[in-house]
Structures are given as structure tokens and as C-alpha cells.
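J.: So that we are looking at the same thing, I have put the structure below in C-alpha cells.
Bear in mind that the values in this text are calculations on the coordinates, not laboratory data. Owing to the predicted nature of the structure, the values given are computational and were not obtained by experimental measurement. Positions of Cβ are backbone-derived with ideal geometry, glycine not excepted, and every protein chain shown enters the neighbour counts.
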């Protein structure tokens, strides 16, 4: 089907319906696109390696989960019998790790604070100075506004306490 444009050229529109041909089909251009971008042998080898390694890793994951479940079932009586020994040990070791972690954190905070106030510029001190400057600027802005206009809540005292 052709349509004549104003410049005299004919524009052909595809005809779809019962009498479509291979050339006329909307799928022909898609098929041509797939043929022009067909994968090379290196792409196919890469996909093959991906599928093989993915399948192997999935198989190993299944074996690992199954062995862990069977091991837990096999050693469950031993775990139950020796539970009164293991539980206090885990609590004691966990408590020691927690105390050690808190001590390391406290030493790090004290060390950083000492270096900051001595002017040694530890990591993150520029962010601290920026935040301090922003807080100071905001506070001075609020103070100036309160001095100039009588405060942020000027004229609202009656609204807050209607009987006063």
C-alpha cells in the first residue's frame, strides 16, 4: 500500500492481515536484528561456562546444606548432653569479646578527641568543623531574627494561652 507525499515521493506502509508475506511481517525486522547481532563462538563458550559453573555451585550448595543438616542430627544428643558446659562458656566468651570491643571503642574515641583538641586534624575533623560552623551560623541567625523581629513566636503568646 503506497501513499503519495506532498513532495511527490511515495511512502510504502506495511500491510498486515491475512495475506502478509515474509518481507511484510513486523517480525521480519526483528528476525533480521537477531541475525545481525548473532553471538560469536566466544559468547557461546562464555554462556556454556556460566551454566556449568552455576550448576556445579548449586550442586555443591545442596551437598553442603544436606551434610550440615545430617551432622546436626547426628551430634544433637552430644550437644544436648554437653549443653550445660557449652552455654556458660559461650556467655563468658561473648561477654569478654563485648567488653574488649567496648574498651577498644572507648580508646578510639578518647584518642580521636585528644588529637582533635590538640590540633592534629584526625580523620573526619573537617566534617566536625563544618558541622560546628553550620550550628554556629544557624544559632546566630536565630538570635538576629529574635532581636530584630521580637522572636519566632512574636504575637502568638495569646494563641498559646487564650485566657492569659
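J.: Answer yes or no as to whether residue 86 is in contact with a helix residue (DSSP H, G or I) (Cβ under 9 Å, 6 or more places away or on another chain), closer than 30 Å to residue 122 by Cβ and assigned to a helix (DSSP H, G or I). First the steps, then the outcome.
T.: Details: in contact with a helix residue (DSSP H, G or I) (Cβ under 9 Å, 6 or more places away or on another chain): yes; closer than 30 Å to residue 122 by Cβ: no; assigned to a helix (DSSP H, G or I): yes.
It is false that residue 86 is in contact with a helix residue (DSSP H, G or I) (Cβ under 9 Å, 6 or more places away or on another chain), closer than 30 Å to residue 122 by Cβ and assigned to a helix (DSSP H, G or I).
J.: Kindly provide the set of residues from region 93-141 that are assigned to a loop (DSSP other than H, G, I, E, B), within 32 Å of the chain's Cα centre (by Cα) and surrounded by 10 or more Cβ atoms within 10 Å (Cβ to Cβ), ordered by number. Lay out the reasoning, then the answer.
T.: Restricting attention to region 93-141, the residues satisfying the condition of being assigned to a loop (DSSP other than H, G, I, E, B) are 118-124.
Retained after the next criterion (residues that are within 32 Å of the chain's Cα centre (by Cα)): 121-124.
Selection gives 121, 122, 124.
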